[in-house]
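Student: Can you read through this structure? Questions will come right after.
The values are calculated or read from the model by the stated rules, or taken from the named source; none is laboratory data. Here the structure is a predicted model, which is why all the values come from computation and not from measurement. In this analysis, Cβ positions are derived from the backbone assuming ideal geometry, glycine residues included, and neighbour counts consider all displayed protein chains. The protein model used for the area step is the full one, side chains on, heavy atoms only, and it has no ligands, DNA or RNA in it. Shrake-Rupley method; radii C 1.70, N 1.55, O 1.52, S 1.80 Å.
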Amino acid sequence: MPNEGSYTEALRRSDETWKKLEENPSSFKMLSGDRPTGHLHLGHWFGTLKERVDLQNKGVNTNILIADYQVITDRDTTEHIQQNTHDMVLDYLAVGIDPVKTMIFTHSAVPALNQLMLPFLSLVSESELKRNPTVKAEKEVSQHALTGLLLTYPVHQACDILFCKANVVPVGKDQLPHLELTRNIARRFNDRFAPVFPEPAPLLSETPELLGLDGRKMSKSYGNAIALSMTEDETAKLIKKARTDSDRNITFDPENRPGVSALITTAALMTGQAPDAIANSIGEQGAGALKAYVTEVVNDYLRPLRQRREELAKEKGLAHEILERGNAKANEIANETLAEVRSAMRMQY
Ligand code: TRP
């Protein structure tokens with residue numbers, strides 16, 4: 001019996017799902033989400049946005065969640081949450097998400113989604129939650145006591161996925177334990193009460209992770225991320241600040257030269273050229289020349305997207321309107337699912 005939770009098993013399931021999806025896209029429903037903690041960046045684009053746009057255009061039923069409650073799992077403030085959420089909607093549209101095809105919503109606006117948390121919490125154990133690697137890692141960075149929400153947010157994520165009965169979830173390796181938990185919750189609910197939920201499959205993507213300008217994970221909080229919506233000047237300044245090393249001869253060596261290599265990888269993705277070819281073409285011209293080159297290719301690559309975003313930003317109230325529509329639709333779906341859940345649990349009076 002294969003280990004359900006193992007990576008190879010997830011990979012096998014993902015491959016099999018990709019195959020079926022290519023044959024019959026319209027039988028799939030995708031849910032994926034982002035926390036509204038800042039602008040979306042190039043890492044998001046290559047890591048997941050591009051794929052979501054592809055799935056949308058293939059005819060998969062696509063749904064994007066702006067996970068606003070997840071913001072308070074590891075931070076104490078919601079200060080910029082409205083602006084961040086609206087900015088994110090414009091980022092989605094600028095990369096090619098079509099709000100007619102894709103439902104865009106925030107989970108705080110969907111009460112019935114959140115209510116699934118109660119029955120779902122009854123299906124998981126404390127130790128199961130405590131051994132979740134993401135929960136552990138986030139507890140470390142948050143530097144305070146483990147809150148009830150941080151401990152249980154993977155269950156909330158199961159609510160996000162199952163309220164709309166999504167059967168595919170694009171995930172990075174780090175999110176796999178969450179999806180495993182979602183599958184367990186679905187199975188346990190179906191076994192204990194009545195079959196209501198699908199067991200969603202992971203869609204693992206082929207693209208390697210794009211590192212930030214310093215070679216660490218690309219993250220807004222590290223200041224190493226090129227936001228999609230930055231101006232060309234802001235992009236140039238950020239790249240100029242990137243830390244490199246004192247060796248003038250540019251080579252591609254991720255292990256020993258993380259800064260220089262992260263810049264080369266970024267340019268490689270923008271141009272489709274091999275990293276070594278880029279390194280060779282800069283050669284002895286040094287880090288300054290490399291940075292100028294990276295700035296140019298990044299700005300060229302993002303120009304059309306940024307122009308679209310600027311146009312969209314001129315339409316006042318656009319993000320609000322799109323969320324109003326998405327949230328109304330999400331509520332309809334969530335209410336229907338909750339009615340099924342109540343009926344499965346015999347809670348009809
Ligand atoms: N945890 C995800 C992140 O940090 C966001 C998210 C919330 C999500 N709910 C989800 C992703 C459901 C996939 C499915 O990026």
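Student: Just checking, which of 248, 303 is surrounded by fewer than 19 Cβ atoms within 10 Å (Cβ to Cβ), in a helix (DSSP H, G or I) and not assigned by TED's automatic domain parsing to the domain that holds residue 196?
Tutor: 303
Student: Mind checking which residues of segment 64-84 are within 14 Å of the ligand (Cβ to nearest atom), part of a helix (DSSP H, G or I) and open to solvent by 10 Å² or more (accessible area, probe 1.4 Å)?
Tutor: Just the residues of segment 64-84 that are within 14 Å of the ligand (Cβ to nearest atom), to begin with: 64-75, 84.
From what is left, the residues that are part of a helix (DSSP H, G or I) are 68-73, 84.
Those that are within 14 Å of the ligand (Cβ to nearest atom), part of a helix (DSSP H, G or I) and open to solvent by 10 Å² or more (accessible area, probe 1.4 Å): 68, 69, 70, 72, 84.
Student: Is it the case, given these coordinates, that residue 125 is more than 16 Å from the ligand (Cβ to nearest atom) and hydroxyl-bearing (Ser, Thr, Tyr)? Don't jump to the end; show me each part of the working.
Tutor: Details: more than 16 Å from the ligand (Cβ to nearest atom): yes; hydroxyl-bearing (Ser, Thr, Tyr): yes.
It is true that residue 125 is more than 16 Å from the ligand (Cβ to nearest atom) and hydroxyl-bearing (Ser, Thr, Tyr).
Student: Looking at the structure I just gave you, is residue 264 in contact (Cβ under 8 Å) with a residue 60 or more places away in the chain and either in a helix (DSSP H, G or I) or not aromatic (Phe, Trp, Tyr) (or both)?
Tutor: Criteria not met by residue 264.
Student: Filter segment 162-195 down to the residues that are over 16 Å from the mean Cα position of the chain (by Cα) and open to solvent by 40 Å² or more (accessible area, probe 1.4 Å), then identify the one that is nearest to residue 342 (Cα to Cα).
Tutor: Here is the first cut: in segment 162-195, the residues over 16 Å from the mean Cα position of the chain (by Cα) are 162-165, 167, 180-195.
Remaining after also requiring open to solvent by 40 Å² or more (accessible area, probe 1.4 Å): 165, 167, 187-188, 191-193, 195.
Values: 165: 16, 167: 21, 187: 17, 188: 16, 191: 15, 192: 13, 193: 10, 195: 12 Å.
Once the filter is applied, the top-ranked residue is 193.
Student: Under the condition of being in contact (Cβ under 8 Å) with a residue 24 or more places away in the chain and over 21 Å from residue 65 (Cβ atoms), which residue from segment 310-345 is least open to solvent (accessible area, probe 1.4 Å)?
Tutor: 344
Student: Hey, another quick one. Would you mind finding the one in 98, 87 that is more than 14 Å from the ligand (Cβ to nearest atom), more than 25 Å from residue 140 (Cβ to Cβ) and not in a helix (DSSP H, G or I)?
Tutor: 98
Student: Still on this structure, please answer the following. Would a scan of segment 32-43 turn up a residue that is within 16 Å of the ligand (Cβ to nearest atom), assigned to a helix (DSSP H, G or I), assigned by TED's automatic domain parsing to the domain that holds residue 169 and surrounded by 14 or more Cβ atoms within 10 Å (Cβ to Cβ)? Explain how you work it out, then say what you get.
Tutor: Taking segment 32-43 and keeping what is within 16 Å of the ligand (Cβ to nearest atom), we get 32-43.
Still in the running and assigned to a helix (DSSP H, G or I): 42-43.
Those still in the list that are assigned by TED's automatic domain parsing to the domain that holds residue 169 too: 42-43.
Within this subset, residues satisfying the condition of being surrounded by 14 or more Cβ atoms within 10 Å (Cβ to Cβ) are 42-43.
Checking segment 32-43: at least one residue is within 16 Å of the ligand (Cβ to nearest atom), assigned to a helix (DSSP H, G or I), assigned by TED's automatic domain parsing to the domain that holds residue 169 and surrounded by 14 or more Cβ atoms within 10 Å (Cβ to Cβ).
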